[in-house]
Amino acid sequence: EFASLLTELREHPINRRAFLHRINILLTASAFPLVIPAAIPGKTVTDGEHSVSDETRETLEAVHDHLFPLTEDAPGARQINATTYLLTTLSEPQFDPDNREFIRNGVHWLNQLANEKTGKTFSDLDVKQREQVLRQIEKSSAGERWLSLILLYLFEALLSDPVYGVNPDQIGWRW
């Protein structure tokens, strides 16, 4: 049931109420170990066929940092190793190839829009510019779906067992 929930979340965008409901389910399910690959913070994930560029990594880190920033009382995306988790997950052979392509294309579209608006890649924008670009992206159904997928994997990293290289020292669980 948990696996089917994750598949459904990946394939279909959700509204705020449904998102919060499903996060509650994920919180409950987080007590059980997930079968995911070990993520090594800061390591570029490559397996030949599914390698990622530095630009892709930097863009995803910037998106994660913007969507889940570090605050005084909460860990940020970097502290939970969200980008490494996402890239490791994308590199898995059993990962849905359509979702892999969709996430990577989303990075390209995001950088293209940022470049059209500012002449810079998304990772080079300031906070206000990033917000504007993300707000424009979310207006399309594809953009909304892309952001939903990015958030899904971010929360998976936050709630996963630290044995998988995310949520170090149970920082997400303690928060």
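The values are calculated or read from the model by the stated rules, or taken from the named source; none is laboratory data. This structure is a prediction, so every number in the text was calculated from the model and none was measured. All Cβ positions, even for glycine, are placed from backbone atoms using ideal geometry, and neighbour counts span all protein chains on display. Keep in mind that these areas ignore ligands, DNA and RNA; they rest on the heavy atoms of the full protein, side chains included. Shrake-Rupley method; radii C 1.70, N 1.55, O 1.52, S 1.80 Å.
Data table
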{"quantity": "Largest-first ordering by accessible area, 1.4 Å probe, given options 96, 126", "calculated": "126, 96"}
{"quantity": "Accessible area expressed per residue, region 44-175, with surrounding protein chains retained (probe 1.4 Å, Å²)", "calculated": "49 Å²"}
{"quantity": "Inverse of mean 1/r across different Cα pairs in region 39-175, Kirkwood, Å", "calculated": "15.2 Å"}
{"quantity": "Cβ charges +1 (Lys, Arg) and -1 (Asp, Glu), total dipole of region 79-141, debye", "calculated": "260 debye"}
{"quantity": "Net charge of neighbours whose Cβ lies under 13 Å from the Cβ of residue 117, counting Lys and Arg as +1 and Asp and Glu as -1", "calculated": "0"}
{"quantity": "Total formal charge among the other residues, if their Cβ is under 10 angstrom from that of residue 78, Lys/Arg +1 and Asp/Glu -1", "calculated": "-2"}
{"quantity": "Total formal charge among the other residues, if their Cβ is under 14 angstrom from that of residue 62, Lys/Arg +1 and Asp/Glu -1", "calculated": "-3"}
